1. What is the stretch 126-254 by shape, rounded, prolate or oblate, if you read a ≥ b ≥ c off the alpha carbon gyration tensor as root eigenvalues and call it rounded for a/c under 1.5, prolate for a/b larger than b/c, and oblate otherwise?
2. Distance in nm between label sites at ARG311 and ASP394, each 7 Å beyond Cα in the beta-carbon direction?
3. Would you look at the GNM of the chain, springs on alpha carbons closer than 10 Å, and say which of PRO212, PRO56, PRO381 moves the most?
4. Expressed as a whole number of Å, what is the distance separating the alpha-carbon centroids of the stretch 88-128 and the stretch 293-342?
5. Residues in the stretch 236-261 near a label at LEU330, defined as backbone nitrogen under 15 Å from the 7 Å Cα→Cβ point?
6. Express in whole angstrom the spacing between the alpha-carbon centres of the stretch 373-397 and the stretch 1-73.
7. Assuming 0.36 nm per residue, please report the length gained on full extension of the stretch LEU378 to THR365 beyond their Cα-Cα distance.
8. Need the full-extension length gain, ALA295 to ALA20, defined as separation in residues times 0.36 nm minus the C-alpha distance. One decimal, nm.
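Bear in mind these aren't lab numbers, they're just calculated from the coordinates by the rules spelled out. Note that the structure is predicted; figures quoted are calculated from it, not measured. Don't worry about glycine lacking a Cβ; one is built from the backbone with ideal geometry, like all the others, and counts go over all protein chains shown.
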Amino acid sequence: MTDSPLDAAGLRRRTRRFLAEHPPGSTDRLDFLRARFDAGLAWVHYPEGLGGLGAPRSLQAVVDDELQAANAPDNDPRRIGIGLGMAAPTILRYGTEEQKRRYLRPLWTGEELWCQLFSEPGAGSDLAALGTRAERDGDDWVVDGQKVWTSSAHLARWAILIARTDPDVPKHRGITYFICDMTDPGVEVRPLRQITGEAEFNEVFLTGVRIPDSRRLGEVGDGWRVAQTTLMNERVSIGGTALPREGGMIGKVAQTWRERPDLRTHDLHQRLLRLWVEAEVVRLTGERLRQQLAAGQPGPEGSAMKLAFARLNQEISGLEVELRGAEGLLYDDWTMRRPERVDFTGRDAGYRYLRAKGNSIEGGTSEILLNIVAERVLGLPPEPRTDKDVAWKDLAR
Ligand SMILES: Cc1cc2nc3c(=O)[nH]c(=O)nc-3n(C[C@H](O)[C@H](O)[C@H](O)COP(=O)(O)OP(=O)(O)OC[C@H]3O[C@@H](n4cnc5c(N)ncnc54)[C@H](O)[C@@H]3O)c2cc1C
C-alpha cells in the first residue's frame, strides 16, 4: 500500500512509520525535530525538501494528533513565533531556492531564532515612512539606522529587516527587504522595559552593518510588497492560534469564578457570561479563518480577528482583576526578566492585565486594523493619502 501524503489515511500511516523509526522516548529532541522536518512532517503544506509534502494545510492536524498521542517533542512554537509565523511564509514566497534551503530548517527546529526589524521611532503605524538606509556597496548593502520595539532581538540569530534603498521615490516604492545577521558587527541591541517590568523587546541600532546582496528577499525596491506577506501573517499569528474551548484568557477567569464562589457578584456574572460567549464566537471565527488560510494566503480578515482578540484579552483580564478585588491589584513582581517566550495567559492576573495592554499595539494598532477592515473588507472609502506621490526625501518629518 502506498502512503499518499495527500490524503489523511496515507499521512497517518506515514506519521506512524516515522514514529516507529524515531521513537520519541529514546530519540534526542533535536534529532527528532530535524528528522521530522526531513520527513516532510514539519508543515505538510510546504514543498517537499523544505519540511513539507505539498499536502493541503488542513492535513497538518492529522500529523499533529499522531505526534501528540505519542508524546513527541514539539518545536516550542511560542518561543519561535516570529520565525514560524512571519519570517518563514515570507521566505517561502519570495526567497530563492538557496535561501529557502539555508534558513527554513533551523528556523523550524528552533535552532535559530528570528526577530523583526520593522518599526522605527518615527515609523510604526506609518511603517512605509521608515528611514533606516541601505546603500549598495559592491556585493553588499551597508545599513544604518535605528529600529525599535524589536521582540526577541536579544535572542535572535536572524532578523527580517526593511530599509530604504531609494529616497528619491514615494515612500512605498523605495524599500527593500533583507535578512540581517544579528551577530554581525554594527548590530547593537539594548533592552526596553515594558509596563509588566519585563523586557521582551529592544531598541536595535544598526551602524554600518554589511548585508550581502544574497540576503536580499525579493527585488530591490519591492520590499513593501514583500512586507505585506509578513504583516498579513503576523496578524493571523498573533490573534489566530488554534484553541480548545476556554483555552485562552477566558479560561483563566472562568477557573477563578468556579474556584472562588466568595468573589462572585450578580453584575460580574453577567459580564463574565457575555465575555464567555464573545470569546467562543471569536474562537470559532478563528477556526473559520484557519480554514480559509488552508486554502491560500491570509487576507485582511486576519486584521478583524486580531482586533477582536486584543479587545477581548483586555476586557477579560480587566474583569479578572476586578473579580479578585484588592488581591487582583497585588502585582509586585517588577523583575526585569528577559523572557524566552511570551505567554499572554501565563503568570498571575496582574501580569495578564498589564501584558494585554500591548495586544492592541503589537502587530498593528487597533485603529490601523479598523482602517484595514473598513477599506479592504467593507469597501468603505480610503483615508486621504496626500503623500502617495511625493518622494520620501521630500516628506515633512
Ligand atoms: C509588545 C510589542 C511587541 C512589538 N514587537 C515588535 C517587533 O518585534 N518588531 C517590530 O518591528 N515592531 C514591534 N512592535 C511595534 C508595533 O508594531 C508598533 O508599536 C505599532 O505598529 C504602532 O506604532 P507606534 O508605536 O510607532 O505608534 P504610532 O504609529 O505612533 O501610533 C500612535 C497612536 O496613533 C494612532 N494612529 C496612528 N496612525 C493612525 C491612523 N492613520 N488612523 C488612526 N489612528 C492612528 C495609533 O493607533 C496609536 O494609537 C511591538 C509593539 C509591542 C507593543
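1. Note, shape of the stretch 126-254 comes out prolate.
2. 4.1 nm
3. Checking each option, the largest mean-square fluctuation is seen for PRO381.
4. Taking the Cα centre of each part, the stretch 293-342 and the stretch 88-128 sit 24 Å apart.
5. 260
6. Rounded to whole Å, the Cα centres lie 45 Å apart.
7. Residue separation times 0.36 nm, minus the Cα-Cα distance, leaves 2.8 nm.
8. Result: 95.9 nm gained on full extension.
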